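Below you'll find the structure, written out as structure tokens, and then a few comments.
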Amino acid sequence: MIEKNLYNLSNENENKLNDWLLKFPRGQKKPAIIYALHLIQKENKYIKNEHIDAVAKFLDIKKIDVYEVASFYSMFELNKTGKHTISVCTNISCMLNGSDNILSYIERKLGIKLGETNEKFFLKDERECLAACCGAPMMQIDHKYYENLTTEKIDKIFNEIENE
Amino acid sequence: MNNNIKINELCYATLSMENPNSFETYVSLGGYSAWKKIIANSTKPKDIIDNIINSGLRGRGGAGFSTGKKWSFINQDSDEIKYLVCNADESEPGTCKDRDILRYNPHALLEGMLIASYAIGAEVAYCYLRGEFIDDVYLSVKKALKDAYKNKLIGKNILDSNVCIEIHDLIGAGAYIVGEETAMLESIEGKKGFPRYKPPFPAVKGLFGCPTIINNVETLASVPEIINKGSEWFNKIGTDKSSGFKCFSVSGHVNKPGNYEIPLGTPFKDLLELAGGVKNNKKLKAVIPGGSSVPVVPGEKMLETNMDYESISNAGSMLGSGAVIIMDEDTNMVEVIHRIARFYYSESCGQCTPCREGTGWMYKIIDKIIKGQATIEDFESLKSIPNMISGSTICALGDAAAMPVESFIKYYEKEFLNYISKKEKKAFI
């Protein structure tokens, strides 16, 4: 059977991965899986099976090893997402400072519910604390921190993104 | 309040300065002088370890174990490759202290990592940051590394000596469990973050099967000043068994939430005052003094407690990571534990049955309670679950999930029962 190559890593990403591998003892390939998936997700917004196959092929490891990592870590999205990922922290310190209202305001504003996506935005069902408890309530958009949120501040942040 | 309280003198020393995270700022405060001294004098590793043991420095990640003793578990005579790992996977709910060290004083961490690596005989060290830091803190660490390499403080033949130590930055991808030290080793090796059985402890068999020491960011960033000023200086600060400074993240219902680095043993009420007191002049109801994993302490008790390992333990809780979560008189404690239980249910790695199933059972029952659908039998079974998880799992996440539930029920049982009687009343109507 002829194997179809649906996706190949870009030269740039291959170079980055080769550099990354230098951090580890010679012959250790698996430690680069997480970084490889970050690189792919940055370009493609979410990770498809063909991406997993490409990482396994490049690192010369089993596909299941890559799939296991992709499915274990919460930052990796295996389903289609919008252009920007929003994580509103609703863990304890943020909750005490009104994060549930912040989250419902964002849901209404974007017209999507927690865990849903449209072309532009993916509202991630974030369960972790994002380590900015003294700036509660907070959120990350594409891993940039926005702290001490108010509805006015949120309007301004989304206006800026819309006008990008 | 005690106006002489010393704040932000160690790990946060650069915080009030312009360009706090630059190489020049750190050097202007005497940064890297401890490291240069060690290289110039070819200090014996054992002397450094003894120094750290005598200083009384204890792990700032949560466990509070003697840092110097941990280092001494490495067999110096063995010619095996050894590793140092810095745990920068800060993710205990309520904790944001390391993020400020990484953002504003990364060179103190790097210098601490160099000294620790030298002391344990490691030529390679890894700094593992949580994935969510990828476009924030990570950039500051990368820049600091570049500057330290440029100044020949890291790398091959450091300052033209025979000492070679490489420090590599690594990034995770979202998993609370990876903060557990052996899960972190699995993650660095490119696997799921499943904690390992111990023994063997990492100091014997750790990363890639080699002896490894894992230390928290704040622990390592405290090391250079101890070398500079001596173990006695550090040991004199704080209490008998809790030496030195500690960074506390004060969050929740306070006027000035923030990270405050204060001497251990400082009264809680002074820390609360530093943080501007309870918001809206309300009364203090409860405090979680060390991150979401530790038992809650009622406000009155906390106001009489000092911020050191022993005092907080006497108050029935733990100092943990130093995340102090303040709750005012109007806080609904069932809602708080509902959120904490949801977190542990999501973050249990699933390796051990008592934790995988138990965290789910606890969350589902608390969810039922909060929706007014629980019976008194449900509440009774909730009470029995923590005991079935504690001590039955490979790592401490099981205990971390069980302790808060137990303590919230212990102190605020009435609030749970209110939800239940509502439901039973409904059934009668």
message: Per-residue Cβ counts within 10 Å, from other chains only, averaged over A:89-101: what number is that?
response: 6
statement: For region B:333-428 the mean separation of alpha carbon contacts under 8 Å (6+ apart) over residue count, i.e. relative contact order in percent, is 34 percent
query: Hey, got the Cα dimensions of chain B along the principal axes, in Å, largest first?
result: 84, 49, 39
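Highest mean first, what order results for B:69-75, A:103-109, A:36-42 on Cβ atoms within 10 Å? Mind dumping the intermediate values first?
Numbers: B:69-75: 19.0, A:103-109: 15.9, A:36-42: 20.9.
Averaged packing, sorted descending, gives the order A:36-42, B:69-75, A:103-109.
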- line: Note: probe point = Cα of B:Asn162 + 7 Å toward Cβ; backbone nitrogen < 19 Å; residues of region B:23-60 passing the test are B:36-48
field: Cα centroid of region A:1-70 to Cα centroid of region B:305-360, whole Å
entry: 37 Å
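Return one quarter of the surface area of the convex hull spanned by the alpha-carbon atoms of the protein assembly as shown, equal to its mean projected area, in nm².
Details: hull surface 117.2 nm².
Orientation-averaged projected area of the Cα hull: 29.3 nm².
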- prompt: Where is the GNM fluctuation largest for chain B (alpha-carbon springs, 10 angstrom cutoff): B:Val124, B:Val85, B:Val27?
  reply: B:Val27
field: Dipole axis of chain B (+1 Lys, Arg; -1 Asp, Glu on Cβ), positive-most option in B:Met318, B:Phe208, B:Leu109
entry: B:Met318
query: Per-residue ellipticity at 222 nm for the protein assembly as shown, helices alone: DSSP H runs ≥ 4 residues times -39500 (n - 2.57), over residue total, nearest 500 deg cm²/dmol?
result: -13500 deg cm²/dmol
- request: Putting +1 on Lys and Arg Cβ atoms and -1 on Asp and Glu Cβ atoms, find which of B:Gly276, A:Ser74, B:Pro386 reaches farthest to the positive end of the dipole of the protein assembly as shown.
  value: B:Pro386
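Can you tell me what share of the DSSP beta bridges in the protein assembly as shown is antiparallel? A percent to the nearest 5 is fine.
Values: 25 of 50 bridges.
Of those bridges, close to 50 percent are antiparallel.
How many partner chain Cβ atoms sit within 10 Å of a residue's Cβ in peptide B:222-232, on average, as a whole number?
0
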field: Choice from B:Thr95, B:Thr331, B:Thr182 with maximal GNM fluctuation in chain B (Cα, 10 Å cutoff)
entry: B:Thr331
message: Please compute, for peptide B:335-342, the average count of beta-carbon atoms on other protein chains lying within 10 Å of each residue's beta-carbon.
response: 3
query: Which value does Rg/Rh take for region B:333-428 over its C-alpha atoms, Rh per Kirkwood?
result: 0.99
field: Centre separation in Å (Cα based) which lies between region B:105-134 and region B:22-59
entry: 13 Å
- prompt: Distance from the Cα centre of region B:386-419 to that of region B:157-179, in angstrom?
  reply: 36 Å
query: Which distance in nm do the two modelled labels at B:Ala40 and A:Ser104 give, with both placed 7 Å along the Cα-to-Cβ direction?
result: 6.4 nm
- prompt: Do the alpha carbons of any pairs in A:Lys30/A:Lys63; B:Lys301/B:Lys368; B:Lys37/B:Lys152; A:Lys109/A:Lys153; A:Lys144/B:Lys279; A:Lys62/B:Lys146 sit beyond 23 Å of each other, and which pairs?
  reply: B:Lys301/B:Lys368; A:Lys144/B:Lys279; A:Lys62/B:Lys146
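Of the listed peptides B:395-406, B:275-286, B:360-371, what is their order by residue-averaged count of other C-beta atoms within 10 Å, with the highest listed first?
Values: B:395-406: 23.2, B:275-286: 16.7, B:360-371: 19.3.
Packing proxy ranking, top to bottom: B:395-406, B:360-371, B:275-286.
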query: Highest GNM mean-square fluctuation, chain A, Cα pairs closer than 10 Å: which of A:Phe121, A:Phe72, A:Phe58?
result: A:Phe72
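My understanding is that a pair violates if its Cα-Cα distance is over 26 Å; which of A:Lys48/B:Lys142; A:Lys113/B:Lys383; B:Lys269/B:Lys410 do that in this structure? Kindly include the intermediate steps, with their values, before the conclusion.
Working: A:Lys48/B:Lys142 29 Å; A:Lys113/B:Lys383 34 Å; B:Lys269/B:Lys410 24 Å.
Result: A:Lys48/B:Lys142; A:Lys113/B:Lys383 exceed 26 Å.
Only the coordinates and a few stated rules stand behind these numbers; no lab work does. Keep in mind that this is a model prediction, so the values were computed, not measured. Backbone-built Cβ (ideal geometry, glycine too); neighbour counts: all protein chains shown.
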